[in-house]
1. So what's the Cα pair-distance distribution over region 293-342, bin width 10 Å, in %?
2. What is the distance in Å between the Cα centres of region 267-345 and region 352-368?
3. Which residue, chosen from Pro209, Val302, His321, occupies the Cα position most advanced towards the positive end of the dipole of the chain, where the dipole is computed from +1 (Lys, Arg) and -1 (Asp, Glu) charges on Cβ about the Cα centre?
4. Using all C-alpha to C-alpha distances in region 76-120, build P(r) with 10 Å bins and read off the rounded percent in each one.
5. Working only with C-alpha atoms, what are the Rg and Dmax values of region 198-273, expressed in angstrom?
6. If packing is taken as the average count of other Cβ atoms within 10 Å, what order do 60-70, 142-152, 339-349 fall into, highest mean first?
7. Give a residue-ordered list of calculated ³J(HN,Hα) values for region 212-220 (Karplus: 6.51 cos²θ - 1.76 cosθ + 1.60, θ = phi - 60°; whole Hz; x for Gly, Pro).
8. What distance in nm lies between label points placed 7 Å from Cα along the C-beta direction at Trp263 and Thr76?
Amino acid sequence: MKHVLFLAYLFPPIANSGTQRPWKFAKYLSDYGWQPTVVTAANFGGHNIDPGLVADIPKNVTILRVPMLNEQIGSTIASLAGGGRIGRKLGDAVSWRMRSRRQSPDLYALWKPTVMRAAMKLFTERGFDAIYATGFPWTSLLIGCELAKATGRPLVADFRDLWAGESLFRSERPPHEQELALERSVVECATTVVTASASIARQLAAAHPTVDEDKFVAIHNGFDAADFAEAPTPPRIKRFRVVFTGVWKDGNNPSELYDSIDWMRRSRPALLDDVEVIAAGFAPGEAKRRGLSAYISERGVVPHDEAVSLMRSADILYLSHSVPERQWAVPGKVYEYLASGAPVLGLMPPDKETAQIIRAVGGGITVPPDDPGALYHALASAFAAKKSLSISR
């Protein structure tokens, strides 16, 4: 069995869309002859937590939780100050100030010095045959590159998203030229660059034309069949159910779904008889604000197994992926949606990668986001036909 050092800041129990890919890679790598030692976060402040995720990690996967340098120093100061409320407050203040001054390439930059020490100690004591690093955070890719140079071990750099090519939060990030240079250093250092979509692979290859195009390999996300076998049995319900699971962020939220339900409530309310919409994965409040609580139930952030159960209970699963400049991404939940067996109704450009996957699998339909009536009419048709459907769960 070969050993791989596995650098993934986002890992269980952190419940984040970025957690799924490294979590499942680590779970199944040993089936293919690679034993991972996962180096991940020691503290989870600012992240949603799902303790149940940890139970899904095999016992043979070693997990090394390494704090960021500011967290380590803040904790030491708190102890030296006698602990208690005053000590913790002083330690937190120092930690915050240190982190605020080191934000390149991202807010996790101070994870690098502590991980480098821990990883080199591990290499000296036990060794490893390869390094896998996944970003975001991009700091983990820089760590992986530096470790590869220090140890002579090959690096697999996993891009779950675009780095320099990402358009979001541009004003809050380092200059584009600086990010591009850091990205190039990782791409040139890596033996293989793995991406979560074919679109990311193409864009990275185009951004770094001097790098051999064969170095870029797309490994799409997927679903874990065990999650569906072990999730709670979906409830038996009489109402026609539309389900959305996921975070609320620009271009990936149920806002347009809410608009269509509101439009229907005002124009054709009879269509909503025996219809319910369930939304989970974000803080409740939007349905109430819009006066739609009678039709839409917001469940908040739920454990992963409960989210899977909700997917399996649906008559329609709603997916929004509409921002034109972010079509290089394929939402991770599309794979679990398709695995659930319920038809997917996607609001997205029909010629991009996510829509192509849905069509290839045959798991649903997509409607264009630039036609404001398309989603309404797709839902209205489904609701009008609901009485003739035989719903079995």
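1. The percentages, shortest bin first, are 21, 47, 29, 3.
2. Each part's Cα centre sits 17 Å from the other's.
3. Checked the options; the winner is Val302.
4. Once binned at 10 Å, the Cα pair distances of region 76-120 give 26, 36, 34, 4.
5. My reading of the Cα-based Rg and Dmax gives 21.0, 61 Å.
6. Sorting 60-70, 142-152, 339-349 by mean packing, highest first, produces 339-349, 142-152, 60-70.
7. 4, 4, 5, 5, 8, 10, 8, 10, 5
8. Each label point lies 7 Å from its Cα, and together they span 6.0 nm.
The values are calculated or read from the model by the stated rules, or taken from the named source; none is laboratory data. The structure displayed is predicted, hence computed values, not measured ones. Positions of Cβ are generated from backbone atoms using ideal geometry, with glycine treated the same way; all protein chains shown enter the neighbour counts. We work out accessible area using only protein heavy atoms, side chains counted, and drop any ligands, DNA or RNA first. Shrake-Rupley method; radii C 1.70, N 1.55, O 1.52, S 1.80 Å.
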